[in-house]
Amino acid sequence: MSYFDQKEPPRREARLNACIACGGTLEHIANRKMSCCQSDGERSFTQNSICLLLPALGMMNSIPNSVVLMHGAIGCGSSSHGGNAGVRAGNNHRWGIVKDATWISTALSEQDVIGGGEEKLAAAIREIDERYKPVIIFVVASCVPGIIGDDIDGVAQQLQPEIKANILPVHCEGFKTKIWATAYDAVYHAIGRVFLKEPADANKLNQPEKPIINLMNVSSMGRVDEVELERLLKSLGFAVNVFPVFSQPDKMAAVTQAQLSVSTCPTHDDYLLQYLEEKYGIPYVLRHMPIGIENTSLWIRDIAKHFAIEEQAEQLIAAEEQELKAALAEFRPFFAGKKAFVSAGEFRALATAILLAELGFEVVAVRSFHHDEFADNEYEKLVKVTAKEIPFNIANCQPFEEANLLRRIQPDIFLGHMNGNATAAKSGVATHVIYNVGLQYVGYKGAYELARRLYRQLQNPQFNQKLSQWTKLPYSNNWYEQDPFKYIQQPEVEAGE
């Protein structure tokens, strides 16, 4: 039985034994090849977390001609305001049009919690279909309907015959999972289960002149990064179908016509890629993230091997690496010995740490938001290019652990997401955003652009140093003297592991 036969995708804790709490050294984690740190209650103290609504809304709000209907309390979905800058920029970069996301809330009240919100949900779907005339209506369940038992799938099924738009129920009840990456499964689940055509219908679509590659992007790349990977793939003779962010609904069905699906972040894509292979016979590549010199070359080699064009790919790789290494030569002496601390989603953190080591930095600590089985190869790569005993922390935010590590390590540069750099900035450490839709990170050009930006920034790190003189983190000196992983309940390692 396929997961897609069920109304909801499984939790990643159950499907992948994913975990969100671990502290130790890189060598310790790499050697354990852990499947899970702790089944539950892994921290005796926690500051905050990430709700899966955040990445899910980022994906859905990007889809043109769609409306996102949040079924829940009015505050749920508020992250759409912050994410709207990315939607506006994404539309502008692709089509030259600055366009906002369209999202609505049923704004469930206390009375709805008692009496149920299905009638309000049905009325909202009808109004959206009439007023906005979208191709897709994402009906998103947050925590409240999950608790009171509103059946969003039943409402969608009942209304679909009278609604012109495709109604896609998406389950994002935050209390059901601690692994925010389950969001990608939730959105993919809705698209695959409801929107993609059956194989018999899919075969009726026009056959392509060139082999098509599905280039998966759930939001880990801006348009500039997509252009870089399209450049590399087109130079090998492929047509590229970027899916699903900013994919026009009428073109989304083309995902079933590809000869190969290629992940750009294995953490994001396995759920749908396995489904596309099982139902449509489309094989997939899911091993490397094309950030960094070696990783980009490995990513290309995997694709080339599938189509038996290894020699052509090696010529491309040799030319690209030669040009890149010459361009990076001016930066390497400046980077040599500078200490870098990286924090991000697991695959991005590890791939970026490897790139920094390639550039000459000394990687002194890494934090990832969670851990699952797909990153084992990246740990093995990283221990080959950096010290094995550096601190490694798996944490869904938890800035108190980060502050402790920063005080101990004193890095020259901290790379984290734009909403996760404040602790380092207030500590006086130079910071750089590890992902921004308008900046380039991916492929050979991304490696050069990141190096160029870090070179410029590290030449004058005064801003954060001045900032630290006028701001104070909310931790006592006593905390900095303690083990940064004091509140993580580490599981006992079984004999033989």
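Can you work out D for region 295-433 in µm² s⁻¹ from Stokes-Einstein, where Rh is the Kirkwood radius over C-alpha pairs, the temperature is 25 °C and the viscosity is 0.890 mPa s?
151 µm²/s
List, in order, the whole-Hz ³J(HN,Hα) value for each residue of region 283-294 obtained from phi through the Karplus relation with A = 6.51, B = -1.76, C = 1.60 and θ = phi - 60°; use x for Gly and Pro.
Computed from phi, the couplings for region 283-294 are x, 9, 10, 8, 9, 10, 9, x, 10, x, 6, 5 Hz.
Stretch Asp5-Ala89 to full length: gain in nm at 0.36 nm per residue minus the Cα-Cα span?
So the chain would gain 26.7 nm between Asp5 and Ala89.
In terms of modelled amide H atoms, which long-range or inter-chain residues lie less than 5 Å from the amide H of Asn217?
Residues meeting the criterion, in which the H sits 1.01 Å from N, are Phe243, Val245.
If you take the square roots of the eigenvalues of the alpha-carbon gyration tensor of the chain and sort them as a ≥ b ≥ c, do you get rounded (a/c under 1.5), prolate (a/b over b/c) or oblate?
oblate
Let me make sure I get this right: for region 302-373, a, b and c are the square roots of the gyration tensor eigenvalues over alpha carbons, sorted descending. Under 1.5 in a/c it's rounded, otherwise prolate if a/b > b/c, else oblate. Which is it?
Oblate.
Using the C-alpha gyration tensor of region 229-291, what are the square roots of 5 times its eigenvalues, in whole angstrom, with the largest one first?
The answer is 17, 16, 12 Å, longest axis first.
Quick query: amide H of Ile291 versus all other amide H atoms, modeled in the peptide plane; which residues come in under 5 Å with a sequence gap of 5 or more or a different chain?
For Ile291, whose amide H was placed from the backbone, the distant partners under 5 Å are Thr296, Gly443.
Of all accessible surface on the chain at a 1.4 Å probe, what whole percent is carbon and sulfur?
About 50 percent, which is the carbon plus sulfur part of the accessible surface.
Please give me the summed charge of the neighbours of Ile163: other residues whose Cβ is under 12 Å from its Cβ, Lys and Arg +1, Asp and Glu -1.
Once all neighbours under 12 Å are counted, the net charge is -1.
Before rounding to the nearest 500, sum -39500 (n - 2.57) across all DSSP H runs of length at least 4 in the chain and divide by the residue total; then give [θ] at 222 nm in deg cm²/dmol.
-13000 deg cm²/dmol
Going by a ≥ b ≥ c, the root eigenvalues of the Cα gyration tensor, does region 362-455 fall in the rounded group (a/c under 1.5), the prolate group (a/b larger than b/c) or the oblate group?
rounded
Could you give each residue of region 140-150 its phi-based ³J(HN,Hα) in whole Hz, using Karplus coefficients 6.51, -1.76, 1.60 with θ = phi - 60°, and x for Gly or Pro?
Residue by residue, region 140-150 yields 9, 8, 9, 5, 4, x, x, 7, 7, x, 4 Hz.
Under a 5 Å amide H to amide H cut-off, with H placed in plane at 1.01 Å, what residues pair with Cys22 once short-range neighbours are removed?
Close amide H contacts, sequence-distant or interchain: Ile394.
Over all alpha-carbon pairs of region 424-464, lay out the pair-distance distribution in 10 Å bins, whole %, shortest bin first.
Result returned by the calculation: 28, 48, 23, 1.
Work out from phi, with θ = phi - 60° and the Karplus expression 6.51 cos²θ - 1.76 cosθ + 1.60, the ³J(HN,Hα) of each residue of region 411-425, listed in order in whole Hz, and give x for Gly and Pro.
With the stated coefficients, region 411-425 comes to x, 7, 9, 10, 10, x, 5, 4, 8, x, 9, 5, 4, 5, 4 Hz.
Between Ala318 and Arg287, 0.36 nm times their residue separation minus their Cα-Cα distance comes to what?
Extra length available between Ala318 and Arg287 comes to 9.1 nm.
According to a simple spin-label model (label point 7 Å from Cα along Cα-to-Cβ), what is the distance in nm between Val98 and Glu277?
Distance between label points: 4.4 nm.
Restricting the calculation to Cα positions, tell me the Rg (one decimal) and the Dmax (whole number) of region 9-133 in Å.
Answer for region 9-133, Rg first and Dmax second: 19.6, 58 Å.
Scan region 141-179 for trypsin sites (Lys or Arg not before Pro) in coil per DSSP, keeping those whose Cβ has at most 12 other Cβ atoms within 10 Å, and list them by number.
The qualifying sites are Lys164.
Could you state the accessible area per residue of region 245-401 in Å², with a 1.4 Å probe and every protein chain left in place?
I get 33 Å² per residue for region 245-401.
Send over a whole-number figure in Å² for the accessible area per residue of region 51-197, probe 1.4 Å.
42 Å²
Holding the Cα-Cα limit at 22 Å, pick out from Lys99/Lys178; Lys99/Lys234; Lys99/Lys445; Lys120/Lys164 the pairs that are longer than that.
Lys99/Lys178; Lys99/Lys234; Lys99/Lys445
The values are calculated or read from the model by the stated rules, or taken from the named source; none is laboratory data. Here the structure is a predicted model, which is why all the values come from computation and not from measurement. Cβ sites come from the backbone with ideal geometry, for glycine too, and all protein chains shown count toward neighbours. To get the accessible areas, we keep the full protein, side chains included, count just its heavy atoms, and leave off ligands, DNA and RNA. Shrake-Rupley method; radii C 1.70, N 1.55, O 1.52, S 1.80 Å.
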